[in-house]
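A short worksheet on the structure shown next.
The values are calculated or read from the model by the stated rules, or taken from the named source; none is laboratory data. It should be emphasised that the depicted structure is a prediction, and the values quoted were computed from it without experimental measurement. Positions of Cβ are generated from backbone atoms using ideal geometry, with glycine treated the same way; all protein chains shown enter the neighbour counts. To get the accessible areas, we keep the full protein, side chains included, count just its heavy atoms, and leave off ligands, DNA and RNA. Shrake-Rupley method; radii C 1.70, N 1.55, O 1.52, S 1.80 Å.
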Amino acid sequence: MRSAIFFGSLLFATSVLAADDYQLGPDSQRQPDVPKGTVTKYTWKSKIFEGTVRDYWVYVPAQYDGKTPACVMVFQDGGMYVNTEGPVRVPIVFDNLIHKKEIPLMVGIFINPGVFPPKKEGDKPKRNRSFEYDTLSDQYARFLEQEILPEVGKKVKLRQDAAGRGICGISSGGICAFTVAWQRPDLFSKVLSHVGSFTNIRGGHVYPALIRKTKPKPIRVFLQAGANDLDNEHGNWPLANQQMAAALKFAKYDYKFVFGNGGHNARHGGAIFPDSMRWLWRDVK
C-alpha cells in the first residue's frame, strides 16, 4: 500500500514538473550580426487617468530611417515585456524578426500600469492596474490615442492606420489589449493575449456572449492560455479563454488559439512569441 501511495505521488510530481516546461527558441536569443535596436525609458503623468504616474519604454529598430512611418506594437505591463532577460524578451525578438524581414519595421511601446504616488511619507503608492486593465470601457484606448501615441510620435514616426498597429498584454493586460481593439478597431487591428483574464474581475466574462451577438469587427486575435491557469472567485481562466476562442470561431474572426499546459505566467507565451508575431503580422510587409 505504501509503495502505491509513493508511486502515485512520484507520478504526480513528475507531471507537475513536466508541465509549464517551455523553452525559448533561437529567435528569443541574441544572434551574431543582427543589428540591435535602442530602448529608451520615460516617465508619464496622465490626465486621462488623473493623478497617476508610470514608466514606459520605447524600442526603435536599428533599421528605422527617421522618415518612413513604422508599425507599432503596444505592451501592457511593459517592464516585463521589455526585459531582455525575462520570459518574453521582446526587443531581442524584434531585432531578429525585423532583420529576417519576418515582421515589418516596428516600434515597440512598453507601458507600465499607473500608480498614485503616496500623499505622505511612509505611505505606499496605490496601484491602478486593475482599474485601467480590467474595465470594459474606451478609457485605456483614449489614453493611448490622446497621450502615449502622440508623445511617442514626437520622437519617431508611427503609422496612423489600424492595420499598422497591434497591442499585447498578459493576464489583466491581455483583456485590456482585447478591450482596446474591441472598443477602437479604427486604432488597433491586432491583439495578442497571454493568459488573458476574461473573467469576472470587472465584468470581462461577458465577452464571449458579446462576440457572438455583435457584428464581427476588423480585428485579428491571437490567444494563448494554459490548462493549469487560475481558478478562483473571479472565474476559471482556462475555461474563459476556451469560451473566447469558441466565440471567435463562431463569429468567423481571424483568430488563433494556442492552449498549453502552463500556469498563470509568461513562459508559454514567451516561447511562442516569435511565432505569434509572425502570425499576427503575416500580411504586412
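When Rg and the Kirkwood Rh are both derived from Cα coordinates, the Rg/Rh ratio for segment 63-202 amounts to 0.99.
Please report, to two decimal places, log10 I(q)/I(0) for segment 131-239 at q = 0.10, 0.13 Å⁻¹ as given by the Debye formula with identical point scatterers on the Cα atoms and no solvent. With one equal scatterer per Cα and no solvent, log10 I(q)/I(0) is -0.29, -0.48. Using the Cβ-Cβ distance between Asp138 and Lys67 with R0 set to 30 Å, the FRET efficiency works out to roughly 0.40. The accessible-area ordering, largest first, of the residues Arg54, Arg212 stands as Arg212, Arg54, per a 1.4 angstrom probe. Among Ile98, Tyr64, Gln23, which residue has its Cα positioned farthest towards the positive end of the charge dipole of the chain, with +1 placed on the Cβ of Lys and Arg, -1 on the Cβ of Asp and Glu, and the dipole taken about the Cα centre? Positive-end residue among those listed: Tyr64.
If His205, His234, His194 are ordered by their accessible area, calculated over protein heavy atoms with a 1.4 Å probe, which sequence runs from highest to lowest? Present the calculation step by step, with values, prior to reporting the outcome.
Working: His205 95, His234 65, His194 0 Å².
Highest to lowest solvent-accessible surface, that is His205, His234, His194.
Taking 0.36 nm per residue of sequence separation and removing the Cα-Cα distance, the Lys100/Val284 pair yields an extension gain of 64.8 nm. Only protein heavy atoms count here; under a 1.4 Å probe, Arg184 has an accessible surface of about 50 Å². For segment 169-185, 3J(HN,Hα) computed residue by residue from phi via the Karplus equation (6.51, -1.76, 1.60; θ = phi - 60°) reads x, 10, 6, 5, x, x, 5, 4, 4, 5, 4, 4, 6, 5, 6, 9, x Hz, glycine and proline entered as x. Cα centroid separation, segment 70-101 to segment 217-234: 21 Å. Sorted largest first, the spans of the alpha carbon positions of segment 105-155 along the three principal axes are 44, 28, 18 Å.
Using the Kirkwood radius over C-alpha pairs as Rh, can you work out the diffusion coefficient of segment 235-285 via Stokes-Einstein at 10 °C, viscosity 1.306 mPa s, in µm² per second?
On the way: Rh = 12.5 Å.
For the chosen part, D equals 127 µm²/s.
Report the FRET efficiency, 1/(1 + (r/R0)^6), for Asp21 and Asp275, where r is their Cβ-Cβ distance and R0 is 22 Å, rounded to 0.05. Intermediate values should be presented prior to the final figure.
On the way: r = 18 Å, r/R0 = 0.81.
So the FRET efficiency works out to roughly 0.80.
Full extension of the chain between Gln31 and Phe131 yields a length gain of 32.1 nm, computed as 0.36 nm times the residue separation minus the alpha carbon distance.
All other residues with a Cβ under 14 Å from the Cβ of Ala227 taken together, and with Lys, Arg as +1 and Asp, Glu as -1, what is their net charge? Please report the intermediate quantities before stating the final value.
On the way: positive: Arg267; negative: Asp20, Asp21, Asp229, Asp231.
Result for the local shell: -3.
Distance between the modelled labels on Thr40 and Asn236, one decimal in nanometres: 4.9 nm (7 Å Cα→Cβ projection).
Pairs of Cα atoms in the chain fall into 10 Å distance bins, from 0 up to the last occupied one, in shares of 6, 28, 34, 21, 7, 2, 1, 0 percent.
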